[in-house]
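J.: I have a structure I would like to understand better, so I am pasting it below and will then ask my questions one at a time.
Rule-based calculations on the coordinates, nothing more; no lab input. Note that the structure is predicted; figures quoted are calculated from it, not measured. Neighbour counts run over all protein chains shown; Cβ positions are idealised from the backbone, glycine included.
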Amino acid sequence: MSGNFGYLDIILLAMIAGFIILRLRNILGRKTGHQEKVFTNFSDKKFEKFKEEINQRNKQKTEDLDPTQKKQFLKGAEVAYETIITAFAKGDKNSLKSLLTKGMADNFNSAIEDRNSKKLKSELTFVGIKSSTIEKFEKTAGALFFTVKFVSEIISVKKDIDNKVVEGDPDKIKTVIDHWKFTKKISSSNPNWYLAEIKNT
């Protein structure tokens with residue numbers, strides 16, 4: 001009898017243990033391998049700050065600009081536009097340097113040097129700007145960006161060493177559409193804006 005009793009005790013204890021394990025799995029759940037990872041070194045405080053920065057950046061990209069601010073910026077942008085295309089036609093690198101970012105200055109200088117190496121002369125008559133509109137405004141942690149659409153009228157020709165026209169028409173006014181992106185560092189005390197990108201259409 002004692003032997004049978006010990007055997008029954010073992011079976012009973014095993015059944016109780018199995019029941020407890022099943023209950024714990026139901027209460028605590030089972031790890032399937034699909035749970036999201038928890039990064040313990042990224043605190044809740046840091047995460048909230050990160051979300052605030054992203055939300056603020058998105059808000060700044062789409063915020064409405066003050067009409068007076070738009071008008072003042074476009075006035076300066078139009079002056080810069082005329083100055084840049086005129087200086088480029090003349091090959092005036094010094095004037096361009098004060099209006100372009102480093103990358104854009106390198107691009108303009110390369111184009112001028114290539115034109116000179118081919119002994120070509122560029123002549124441009126700036127007729128005027130028909131319209132200018134701000135297409136996009138962006139603000140990052142360190143800089144401001146304005147993308148402006150210009151519709152202008154110019155007369156542009158290229159001549160060879162013998163003063164013969166090889167490109168363009170000196171008697172034809174051409175309508176040009178440009179999309180220029182200007183930038184300015186927020187931390188800079190210099191009020192000047194610089195051309196950072198240009199796209200012709």
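J.: Would you kindly state how much longer the chain becomes between residue 160 and residue 173 on full extension, computed as 0.36 nm times their sequence separation minus their alpha carbon distance, in nm to one decimal?
T.: Length gained between residue 160 and residue 173: 2.6 nm.
J.: Among 147, 68, which comes first, then next, by fewest other beta-carbon atoms within 10 Å?
T.: Final ranking by Cβ density, sparse to dense: 68, 147.
J.: According to a simple spin-label model (label point 7 Å from Cα along Cα-to-Cβ), what is the distance in nm between residue 151 and residue 79?
T.: About 2.5 nm, to one decimal.
J.: Sort largest first and round to whole Å: the equivalent ellipsoid semi-axes of region 66-200, each the square root of five times a Cα gyration tensor eigenvalue.
T.: They are 29, 18, 10 Å, listed largest first.
J.: Take the Cα atoms of region 103-173, find their three principal axes, and give me the spread along each one in whole Å, biggest first.
T.: Taking max minus min along each principal axis of the Cα atoms, region 103-173 gives 52, 29, 12 Å.
J.: Go ahead and collect, in residue order, the members of region 172-201 whose backbone nitrogen is under 13 Å from a label point 7 Å along the Cα-Cβ direction of residue 143.
T.: 181-188, 193-198
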